[in-house]
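A.B. asks: A single structure is presented below for examination.
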Amino acid sequence: MLLESLKMAWVSVRGNKMRSFLTMLGIIIGVFSLTVLVSVVSSVSDSINGAVSRLAAPTVEVLIINDKGHPLTMDDLSAMENTGSIGSVSPESQFSLPIKSGYITKDAQVYCVAPMYQEIQAIKIGSGRFIKEPDMENHTQVVVVSADVTREVMKVARPQDAIGGHVTLGGYDFVVVGVIAEEKSDAVEELLYFSQSYNCYIPWNCAIRSFNQAQHINRFAISAAPGKSLADAQNELGAKLLERFDGDEEAFHLLNIDDALTSINTITATLSLLMGSVAGISLLVGGIGIMNIMLVSVTERTREIGIRKAIGATRSTILQQFLMESLMISLMGCAVGLLLSWGVLSLASSAVPNMSFRLSPGVMMLSAGFSSFIGLVFGLYPANKAAKMKPIDALRAV
Amino acid sequence: MIILKDVSKIYRMGDNEFYALDHANMHVQEHEFVSIIGPSGSGKSTLMNIIGCLDEATEGEYFLDGQEIRSYSQTQLARIRNKKIGFIFQSFNLIGRMSAWENVELPLIYQRVPVRERRERVAQSLERVGLYERREHQPNELSGGQQQRVAIARAIAVEPTLFLADEPTGNLDSHTGEEIMGIFRELHEAGNTIVLITHDSGIASQAQRRINIMDGHVTEVD
Ligand SMILES: Nc1ncnc2c1ncn2[C@@H]1O[C@H](COP(=O)(O)OP(=O)(O)O)[C@@H](O)[C@H]1O
Ligand SMILES: [Mg+2]
């Protein structure tokens, strides 16, 4: 019986090709915009997540907002190191300084850090070395630079050629001892990197002397001790700082990568929902189109309905037949919409380098489900109208 | 098999009551071939629609196979139309976008007859009316007489207890009409019950028994 109604629905859909297509158009556009928008947002969000977790190590960063006349010093940090869940600790003062080599001057982000910083932030060295303990003790003016500094400021062919070279940071001469490894990045990572370009890492001690930095530390980073969770480390650190700053929670701010990811994901989820709803509304409009056409179809086929009833179709048979028809139209529209968005997403994937927009099975199921729902709901009224016609009245129609 | 007791069909138009059927009494027995004859507008179709369970009487009782028709639900009435009654209409009433085969098959689909048996019965019925070769044709590719034969095949396939024909030759020329009447006579000889409605006494005389209808009044002649 189901197969038969399917066949009958097909006969009717096929019998009116142009009209069926126009009816489908609303669903096609709705499904197309739904899947494309949601897929693009989710691909971008996946990419941001991937980039952030690849670029950022599992670290808790601490910003001291109000030191209450009790600034933290290097000694305080050393005291925290390797206690409980807290692993390594490194100061992380950041400021912007002009970097100069030859005639070229750019603005660099300078990070004043301790040797442990490499481990905490999982910095990969491409050539040379990171800052070491003797650099701290001897206050040597050494710098570890990002690869773009070697390329665009020092103008050397390969990053390793920069080792032993000199750059001027804020008027002081520094010897380049290491270059950060450059990783292949996708479009989103490039965007994130862009704001971080021209990075220079110098020993903390050296910063105190050269740039008149006070001894106190207002920004630092920690890692979790081996085998301990970052959350535990963060909690312990929070407790310690709370004690130090007389229980004032506003005095400092703890920031970890998961928090950042959570807020990114909240934004993209909201964006997804928003775009999804807009596309959903266009699907609804498509549904109204289906209802419209089905009503016309029921009126046109009143006599057919009468004949079917005369030879034994029950109300539910007629109901089923017309519902099947609207379901078929909406599902065919859905299939075409999916095909279309698959094509467009494939095109977009090849147009945007290092970025792939996928049609996720979840989105496909969502649109199939939503389309069937629309087909059934908006088919129900016309189908019911057909089903409850009196056989004699329907037969009399011309 | 069919018993009508004081059946009336009243159409109300404003304050006027119009009796399309006025206290009609009649009966049809099994294996009978009965004709109902009356001029246009006398209430023949109204009577047929009530006998065929397409319409309800306003007053009176109608027993089909011993059961009062009012006791049935809409769905049960649909099943009765489906299994017990083979309709043949003046205007053929085939479904336009479906082939002859599909038209004949439709009531069997509603009966949920299994595919194999269905195929056999459809083929047999179409052969019976001599249209097996034209089974793939749609109604608009067939002549009036051929369309009416498809409609008869559709009724035959159901193996109904009652063939109900409302002016089956009314839209056909006399020669084709005679062919159609031939099929009805054969069906009767094979033991089927037939009620045939007509305004043509020549056609009515081919039945075993005549029932006259005039202005909604039914008179049985034995
Ligand atoms: N739905 C209706 N409303 C009002 N009057 C009707 C309706 N159907 C039939 N009639 C009237 O009932 C009478 C009998 O009609 P009908 O049974 O179709 O006649 P016949 O088939 O004998 O030509 C006619 O006068 C017709 O106008
Ligand atoms: Mg009539």
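A.B. asks: Look at A:Ser42 and say whether it is among the hydroxyl-bearing types (Ser, Thr, Tyr) and modelled with pLDDT of 85 or more.
C.D. replies: Details: among the hydroxyl-bearing types (Ser, Thr, Tyr): yes; modelled with pLDDT of 85 or more: no.
Criteria not met by A:Ser42.
A.B. asks: Here is a further query. Here is a list of conditions, (1) among the polar types (S, T, N, Q); (2) under 18 Å from A:Lys7 (Cβ atoms); (3) modelled with pLDDT of 95 or more, and B:Gln147 meets all of them except one; can you say which number that is?
C.D. replies: (2)
A.B. asks: When you scan segment A:1-88 for helices (runs of 4 or more DSSP H) that lie fully inside it, which ones turn up with 3 or more residues that are within 14 Å of another protein chain (Cβ to nearest Cβ)?
C.D. replies: Values: elements: A:2-15, A:17-55, A:74-80.
Ranges flagged: A:2-15, A:17-55.
A.B. asks: Out of B:Arg12, B:Arg79, I need the residue that is more than 16 Å from ligand 2 (Cβ to nearest atom), closer than 23 Å to B:Gln111 by Cβ and open to solvent by 60 Å² or more (accessible area, probe 1.4 Å). Which one?
C.D. replies: Details: B:Arg12 fails: closer than 23 Å to B:Gln111 by Cβ.
Being more than 16 Å from ligand 2 (Cβ to nearest atom), closer than 23 Å to B:Gln111 by Cβ and open to solvent by 60 Å² or more (accessible area, probe 1.4 Å) holds for just one of B:Arg12, B:Arg79, which is B:Arg79.
A.B. asks: Against the definition (buried (at least 18 other Cβ atoms within 10 Å of the Cβ) and in contact (Cβ under 8 Å) with a residue 12 or more places away in the chain), how does B:Gly86 come out, yes or no?
C.D. replies: On the way: buried (at least 18 other Cβ atoms within 10 Å of the Cβ): yes; in contact (Cβ under 8 Å) with a residue 12 or more places away in the chain: yes.
Spelling it out, B:Gly86 is indeed buried (at least 18 other Cβ atoms within 10 Å of the Cβ) and in contact (Cβ under 8 Å) with a residue 12 or more places away in the chain.
A.B. asks: Within segment A:52-89, which residues are within 22 Å of A:Pro226 (Cα to Cα) and of a type in the set (Ser, Thr, Tyr)?
C.D. replies: A:Ser53, A:Thr59, A:Ser78, A:Thr83, A:Ser85, A:Ser88
A.B. asks: Among B:Val150, B:Val221, which is the only one that is β-branched (Val, Ile, Thr) and either within 16 Å of ligand 1 (Cβ to nearest atom) or more than 14 Å from chain A (Cβ to nearest Cβ) (or both)?
C.D. replies: Numbers: B:Val150 fails: either within 16 Å of ligand 1 (Cβ to nearest atom) or more than 14 Å from chain A (Cβ to nearest Cβ) (or both).
Just a single option satisfies the conditions, and that option is B:Val221.
A.B. asks: Sticking with this structure for a sec: With segment A:135-245 as the region, which helices (runs of 4 or more DSSP H) entirely inside it contain at least 2 residues that are at pLDDT 85 or above and open to solvent by less than 50 Å² (accessible area, probe 1.4 Å)?
C.D. replies: Working: elements: A:147-152, A:187-194, A:204-210, A:230-244.
Helices (runs of 4 or more DSSP H) meeting the threshold: A:147-152, A:230-244.
A.B. asks: While we're looking at this one, here's another question. When only residues in segment B:20-37 that are part of a loop (DSSP other than H, G, I, E, B) and either within 16 Å of ligand 2 (Cβ to nearest atom) or acidic (Asp, Glu) (or both) count, which is most open to solvent (accessible area, probe 1.4 Å)?
C.D. replies: By that ranking, first place goes to B:Glu30.
Here's the yes/no breakdown for (1) open to solvent by 10 Å² or more (accessible area, probe 1.4 Å); (2) within 14 Å of chain B (Cβ to nearest Cβ); (3) assigned to a helix (DSSP H, G or I):
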| position | (1), (2), (3) |
| --- | --- |
| A:Leu254 | yes, no, no |
| A:Leu273 | yes, no, yes |
| A:Val285 | yes, no, yes |
| A:Gly312 | no, yes, no |
| A:Gln320 | yes, yes, yes |
| A:Leu331 | yes, no, yes |
| A:Ala335 | yes, no, yes |
| A:Ser341 | no, no, yes |
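A.B. asks: Can you tell me which residue in segment B:171-205 is nearest to the other protein chains (Cβ to nearest Cβ), limited to those that are surrounded by fewer than 19 Cβ atoms within 10 Å (Cβ to Cβ) and within 16 Å of ligand 1 (Cβ to nearest atom)?
C.D. replies: Applying the filter and picking the extreme gives B:Asn171.
A.B. asks: Going by the conditions given, is A:Asn82 closer than 30 Å to A:Ile257 by Cα, open to solvent by 60 Å² or more (accessible area, probe 1.4 Å) and modelled with pLDDT of 85 or more?
C.D. replies: On the way: closer than 30 Å to A:Ile257 by Cα: yes; open to solvent by 60 Å² or more (accessible area, probe 1.4 Å): yes; modelled with pLDDT of 85 or more: yes.
So A:Asn82 fits the description; yes.
A.B. asks: Turning to a different aspect of this structure: Please list, ordered by first then second residue, the pairs with beta carbon atoms under 6 Å, 6 or more apart or interchain, first in segment A:310-328 and free of Cβ contacts under 8 Å to residues at least 60 places away in the same chain and over 22 Å from B:Leu164 (Cβ atoms), second among the hydrophobic types (A, V, I, L, M, F, W, C) and in a helix (DSSP H, G or I).
C.D. replies: A:Ser326/A:Ile290; A:Ser326/A:Met294
A.B. asks: Here's another thing I want to ask about it. Step by step: first the residues of segment B:38-73, then only those that are part of a helix (DSSP H, G or I) and within 16 Å of ligand 2 (Cβ to nearest atom), then the one that is surrounded by the most Cβ atoms within 10 Å (Cβ to Cβ). Which residue is that? Let's see the steps before the verdict.
C.D. replies: Taking segment B:38-73 as the starting set, the residues that turn out to be part of a helix (DSSP H, G or I) are B:44-51, B:69-71.
Within this subset, residues satisfying the condition of being within 16 Å of ligand 2 (Cβ to nearest atom) are B:44-51.
Numbers: B:Lys44: 23, B:Ser45: 20, B:Thr46: 22, B:Leu47: 28, B:Met48: 21, B:Asn49: 24, B:Ile50: 25, B:Ile51: 25.
Residue satisfying both the conditions and the ranking: B:Leu47.
A.B. asks: Only one of (1) surrounded by 14 or more Cβ atoms within 10 Å (Cβ to Cβ); (2) modelled with pLDDT under 85 fails for A:Ser263. Which number is that?
C.D. replies: It is condition (1) that A:Ser263 fails.
A.B. asks: Take segment B:71-92 and flag every residue that is within 9 Å of another protein chain (Cβ to nearest Cβ) and of a type in the set (Phe, Trp, Tyr).
C.D. replies: Within segment B:71-92, B:Phe87, B:Phe89 qualify.
A.B. asks: Somewhere in segment B:97-105, is a residue of a type outside the set (D, E, K, R) and within 16 Å of ligand 1 (Cβ to nearest atom)?
C.D. replies: For segment B:97-105, residues of a type outside the set (D, E, K, R) and within 16 Å of ligand 1 (Cβ to nearest atom): absent.
A.B. asks: Going by what's in this entry, would B:Arg121 be described as assigned to a helix (DSSP H, G or I), open to solvent by 20 Å² or more (accessible area, probe 1.4 Å), in contact with a helix residue (DSSP H, G or I) (Cβ under 6 Å, 6 or more places away or on another chain) and within 20 Å of B:Thr193 (Cβ to Cβ)?
C.D. replies: Spelling it out, B:Arg121 is indeed assigned to a helix (DSSP H, G or I), open to solvent by 20 Å² or more (accessible area, probe 1.4 Å), in contact with a helix residue (DSSP H, G or I) (Cβ under 6 Å, 6 or more places away or on another chain) and within 20 Å of B:Thr193 (Cβ to Cβ).
A.B. asks: What tally of residues in segment A:343-395 results from selecting those that are within 14 Å of chain B (Cβ to nearest Cβ) and exposed (fewer than 14 other Cβ atoms within 10 Å of the Cβ)?
C.D. replies: Within segment A:343-395, residues that are within 14 Å of chain B (Cβ to nearest Cβ) and exposed (fewer than 14 other Cβ atoms within 10 Å of the Cβ) number 1.
A.B. asks: Taking B:Ile2 as the residue in question, decide whether it is without any contact (Cβ under 8 Å) to a residue 24 or more places away in the chain, surrounded by 19 or more Cβ atoms within 10 Å (Cβ to Cβ) and of a type in the set (Val, Ile, Thr).
C.D. replies: no
A.B. asks: Then there is this: Just for segment B:157-170: of the residues that are more than 16 Å from ligand 2 (Cβ to nearest atom) and outside any loop (DSSP other than H, G, I, E, B), which one is nearest to the other protein chains (Cβ to nearest Cβ)? Walk me through how you get there before you give the answer.
C.D. replies: Residues of segment B:157-170 more than 16 Å from ligand 2 (Cβ to nearest atom): B:157-163.
If we keep only those that are outside any loop (DSSP other than H, G, I, E, B) as well, we get B:157-158, B:162-163.
Working: B:Ala157: 10, B:Val158: 8, B:Leu162: 14, B:Phe163: 13 Å.
Only one residue tops the list, namely B:Val158.
A.B. asks: Counting only residues that are at the interface with chain A (Cβ under 9 Å from one of its Cβ atoms) and open to solvent by less than 10 Å² (accessible area, probe 1.4 Å), which one in segment B:93-102 is nearest to A:Ser12 (Cα to Cα)?
C.D. replies: First, pick out the residues of segment B:93-102 that are at the interface with chain A (Cβ under 9 Å from one of its Cβ atoms): B:93-98, B:102.
Now restrict to residues that are open to solvent by less than 10 Å² (accessible area, probe 1.4 Å): B:93, B:95.
Numbers: B:Asn93: 18, B:Ile95: 12 Å.
That would be B:Ile95.
A.B. asks: If you don't mind, another one. Listed residues A:Arg308, A:Arg301; which is within 14 Å of chain B (Cβ to nearest Cβ) and surrounded by fewer than 24 Cβ atoms within 10 Å (Cβ to Cβ)? Talk me through it step by step, then tell me what you get.
C.D. replies: Working: A:Arg308 fails: surrounded by fewer than 24 Cβ atoms within 10 Å (Cβ to Cβ).
Exactly one of A:Arg308, A:Arg301 is within 14 Å of chain B (Cβ to nearest Cβ) and surrounded by fewer than 24 Cβ atoms within 10 Å (Cβ to Cβ), namely A:Arg301.
The values are calculated or read from the model by the stated rules, or taken from the named source; none is laboratory data. Predicted, not measured: the structure shown is a model, and the values here were computed from it. Methodologically, a virtual Cβ is constructed for each residue, glycine included, from the backbone with ideal geometry; neighbour enumeration extends over all protein chains shown. These area figures cover heavy atoms from the full protein model, side chains too; ligands, DNA and RNA do not enter into them. Shrake-Rupley method; radii C 1.70, N 1.55, O 1.52, S 1.80 Å.
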